[in-house]
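Read the structure below first, then the notes.
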Amino acid sequence: MHLPILRLGRTYESCDRVDLDLGGGQVAVTHTANPGLIRRDLLRIGEAKATLDAIPADTLAGFCEEAAELFLHAELPCGDTTQSPDGYVEALSALTRLPHSLVRMNMTKVHAAMSQVRTVIGGLTRGMPLEIFDAGLTRLDDLSVNYYPTTNSLGVSLPSNAPAVNSLWIPAPVMKIPVMLKPGREDPFTPLRIVQAMIAAGFPKEAFGYYPTTHEGGDTIVTCCGRGISFGSDATVQKYAAYPSVSVHGTGRSKILIGEDMIDRWEEFLPVLVESISANGGRSCINTSAILVPRHRDAIADALAAELAKITPLPRDHECALLCGFANSALADGIDDLITAHLKEPGAEDFTARHREGPRKIEAFDQVYLQPTLVACSDPDHPLANTEFMFPYASIVEMPQAAMLGNIGQTLVVSAFTEDQDFIHQLLLSPDIERLNLGPFPTNRVQWEQPHEGNLFEFLYHRRAIQGNVATV
């Protein structure tokens, strides 16, 4: 299976290729784009933008809704062959080690983002009609409002850990912004399948670039497009800090805060805590990384650890598989070694070690796994108290409710289990929380009309003051 570069709608084969083992003697070959090729294609990006500008945004939204069904159900082009939904599931599982069940779950998330794109864009624009992308002008109540695009391209450097993160760029073509995509090394299939579904549904093929490439090529895509999105660690955030045109989706360090008024009901919340930590194999930035409680830390830790320890490795094609293996065993080794080293520092205990069978890192079903880990910390400054790993991992720390907001740091999602109005008021005004759930909701629950990390519309479009005889427009 050869996956060539897609140069704004035109396939292109490179001499620089990477073989990816799909198992069973099957190989996927990705063709590598060099930075110069990417920069040359950007010289033509105006033509790509024109193809989208020629189509009403309402029509593009309809194309996206149709593409959702194709993505989920159709046999679609995949390089020099075609790929069925089941073939996509099997191939992506082989590369990423995501169980088939989690690949399908991510497929449904992508489908939801595409099929509900009008709702998504309505949330991003706060209810403005789609005509804003056609004329740049609409009326809200008695006020004329003008928005203009800040860029003619969106470059996205994608990860491999969670296919559903592709949902974040999907509205861009409906907003008439062409996309240039760098797929993650272990997930060349998801962005390509979305693109092929969109083209089959009616989007102009020129609106899409697909560039398997190196880190240097990824930097080129993200920084040379007018707007860029990248995913990664704290190092990635620091790397692009000097680029205001780049939005970085880094470690989420999402948290659950249980208030004084609800802490004595903690046993009711165990299923929510388990889901928040373990959903999607613990790989998402919206998985809970830390739980802050005013009391009952050890009792909660022991009960939660017992539930998490029930999540054990299963074959990837098992319908109940919830734990992901590691495509790179060295990464699993490094994480396990780091946790083990930090546990030797005073003030931390791995409560899941009391309940699980075997060590944290095990080999099973021809894969390396890290089993769920819950660490109770006595100090919020302990190195294991506010960190994030790519498997079901979380810490639990006890502190007064009044101290919680001063200790959370930058947090992607906070689920606050409380009805305390004063505490809720403080949460609503906190600058450290990107997305806030009030009540016992899992951190991984996403509403499409409520963007949980940044606002793509405000990233791609700016408002301009306008006055005069706009009635003639």
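The values are calculated or read from the model by the stated rules, or taken from the named source; none is laboratory data. In this text, all values refer to a predicted model and were calculated from it rather than measured experimentally. A quick note on method: Cβ atoms are made from the backbone with ideal geometry, for glycine too, and the neighbour counts reach across all protein chains shown. Each accessible area value is taken on the protein alone, full model and side chains, heavy atoms only, with ligands, DNA and RNA left out. Shrake-Rupley method; radii C 1.70, N 1.55, O 1.52, S 1.80 Å.
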Over the range 306-391, average the accessible area per residue using a 1.4 Å probe and give it in Å², no decimals. 49 Å²
Nothing charged except the Cβ atoms of Lys and Arg (+1) and of Asp and Glu (-1): what's the magnitude of the dipole of the range 306-458 about its Cα centre? Round to the nearest 20 debye. 340 debye
Using alpha carbon centers only, the range 268-282 is separated from the range 27-102 by a whole-angstrom value of 31 Å
Evaluated at 20 °C with a viscosity of 1.002 mPa s, what Stokes-Einstein diffusion coefficient in µm²/s does the range 254-438 have when Rh comes from the Kirkwood expression over alpha-carbon pairs? 128 µm²/s
Suppose each label sits 7 Å from its Cα in the direction of the beta carbon; what would the Ser84-His462 distance come out to in nanometres? 5.1 nm
Virtual spin-label span in nm between Arg39 and His2, 7 Å along Cα→Cβ: 2.8 nm
Under the helix-only model (-39500 (n - 2.57) for each DSSP H run of 4 or more, divided by the residues of the chain), the mean residue ellipticity at 222 nm, to 500 deg cm²/dmol, is -10000 deg cm²/dmol
Can you tell me which of 136-143, 391-398, 316-323 comes out highest on packing, and rank the rest after it, using the mean Cβ neighbours within 10 Å? 391-398, 316-323, 136-143
So in the chain, what percent of DSSP beta bridges are antiparallel if you round to the nearest 5? 45 percent
³J(HN,Hα), Karplus 6.51/-1.76/1.60, whole Hz, each residue of the range 229-244, x for Gly, Pro: 10, 9, 10, x, 8, 4, 5, 5, 4, 5, 4, 9, 4, 7, 10, x
Can you tell me what share of the DSSP beta bridges in the range 182-293 is antiparallel? A percent to the nearest 5 is fine. 10 percent
Heavy atoms only, probe 1.4 Å: what % of the accessible area of the chain goes to carbon and sulfur, would you let me know? 50 percent
Which FRET efficiency value, to the nearest 0.05, do you get for Val27 and His318 by plugging their Cβ-Cβ distance into 1/(1 + (r/R0)^6) with R0 = 22 Å? 0.30
When the label point is put 7 Å from the Cα of Ala341 along its Cα-to-beta-carbon vector, which residues of the range 383-398 have a backbone N closer than 20 Å? 383-391, 393-395
Give me the dipole magnitude in Debye, nearest 20, for the chain about the Cα centre, with unit charges on the beta carbon: positive for Lys and Arg, negative for Asp and Glu. 1340 debye
With a cut-off of 18 Å, note down the residues of the range 23-47 whose backbone N falls inside the zone around a label point 7 Å from the Cα of Glu13 toward its beta carbon. 27-34
Go through Ile311, Tyr393, Leu331 and say which Cα lies farthest out towards the positive end of the charge dipole of the range 254-438; charges sit on Cβ, +1 for Lys and Arg, -1 for Asp and Glu. Leu331
DSSP beta bridge pairing in the range 1-132, given as percent antiparallel to the nearest 5: 85 percent
Excluding residues fewer than 8 positions from Lys361 in its own chain, the aspartates and glutamates with Cα under 19 Å of it are Glu307, Asp333, Asp336, Asp337, Glu349, Asp350, Glu388
1.4 Å probe accessible area per residue over the range 3-108, in Å²: 43 Å²
Between Asp379 and Ala235, what FRET efficiency comes out of the Förster formula 1/(1 + (r/R0)^6) with R0 = 30 Å and r the beta carbon distance, rounded to 0.05? 0.75
Result row for the chain, helices from DSSP H with C-alpha axial extent 15 Å or more and mean Kyte hydropathy at least -0.5, is 57-73, 85-96, 100-115, 189-201, 297-308, 329-343
Reduced Cα scattering model of the chain, Debye log10 I(q)/I(0), q = 0.07, 0.11, 0.12 Å⁻¹: -0.38, -0.93, -1.09
Separation of the Glu131 and Glu357 label points, Cα + 7 Å toward Cβ, nm: 6.5 nm
Sites Leu331 and His73 - FRET efficiency at Förster radius 45 Å, r taken between beta-carbons, to 0.05: 0.85
